[in-house]
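Working notes for the structure below.
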Amino acid sequence: MPRKLSKSKNVYAPASSASHSTNNLLTPYPQNDGLPPFLTDGLPLPSLVVLDLDYTLWPFYSDCHPWPPLRALSGSVLSDRNGENFSFYKHVPIILHLLQVAGVKLAVASKSPVGDLCREMLKMLRIPGNLPTSVEGFKRKSGVNTNGEGEEEGGDGKKGKKGGSSGSATGGLTDERGRKTIELFDGGLEIYEGTKLRHFEVIQRRTGIPYEEMLFFDDERPNLEVERVGVTMQLIRDGLDWEELEKGIQKWRANRGIA
């Protein structure tokens with residue numbers, strides 16, 4: 001039987017904009033200017049982070065729970081024909097954005113048999129707008145709304161160049177309309193039935209990035225098979241959050257002999 005929809009506190013539930021500010025989503029790290037230490041400690045990051053979809057980026061089975069057609073209630077919440085709502089786990093949009101501005105490539109490796117539906121959802125679910133385009137920008141700027149609707153809570157209202165691509169010292173803000181999440185996956189989307197080893201073979205050939213430079217997040221233990229080729233996999237229980245991200249990066253560094 002399909003797993004029930006997640007009831008984890010990690011699920012992104014619609015609420016007031018204040019509850020989804022950048023500060024609130026980075027609260028595990030108040031002692032480091034609000035930023036995860038692994039982004040500011042000067043140690044290497046993986047060249048590529050690869051992510052599963054079901055119960056990793058979002059709390060449902062893409063082939064069982066959503067019934068098309070889908071419509072967007074907002075940039076962060078979709079509704080299906082039965083009136084059920086679907087969204088990412090709550091930390092996922094900011095995690096994806098921060099990894100990209102830190103210079104990490106992103107890719108998807110999923111065994112979902114409904115690849116077209118998954119791509120549609122990744123197009124409809126958006127990364128919020130008015131986000132800093134550099135890691136340093138997150139230190140300087142507080143109260144950035146991350147509800148996916150392109151509003152800003154307390155900044156100067158200035159718009160930066162669209163997309164967060166370089167992590168430059170000059171900073172700036174992303175376009176207020178935000179971005180389609182699918183646009184962040186510059187390492188590609190492998191969404192089809194088969195083995196994760198096959199997914200990674202295609203991703204490695206496309207990107208040219210060595211397996212040892214890849215970090216994979218997935219919720220299914222059998223997929224640890226990818227570690228046979230040198231990929232580091234962080235097995236997660238119910239969704240990607242800051243704690244799981246930090247564990248994964250520390251595991252990747254340990255595998256590389258980085259203190």
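The values are calculated or read from the model by the stated rules, or taken from the named source; none is laboratory data. Since the structure is predicted, the reported quantities are computational estimates derived from the model, not experimental observations. Backbone-built Cβ (ideal geometry, glycine too); neighbour counts: all protein chains shown. Surface accessibility is based on the protein's heavy atoms, side chains included, excluding ligands, DNA and RNA. Shrake-Rupley method; radii C 1.70, N 1.55, O 1.52, S 1.80 Å.
Quick notes on this one:
- Of the solvent-accessible surface of segment 195-235, computed with a 1.4 Å probe over protein heavy atoms with every protein chain present, carbon and sulfur atoms account for 48 percent.
- Rg/Rg_ref, segment 44-93, where Rg_ref = 2.2 N^0.38 Å and atoms are Cα: 1.34
- Pairs of C-alpha atoms in segment 171-249 farther apart than 20 Å represent 43 percent of all such pairs.
- Summed side-chain charge close to residue 48 - residues other than residue 48 whose Cβ falls under 10 Å, Lys, Arg +1, Asp, Glu -1: -1
- Per-q log10 I(q)/I(0), segment 216-259, q = 0.29, 0.33 Å⁻¹ (Debye; single scatterer per alpha-carbon; no solvent): -1.06, -1.18
- Residues of segment 187-232: accessible area per residue with a 1.4 Å probe, Å²: 46 Å²
- Farthest positive-ward along segment 25-135 dipole, Cα basis, beta-carbon charges - from 69, 135, 106: 69
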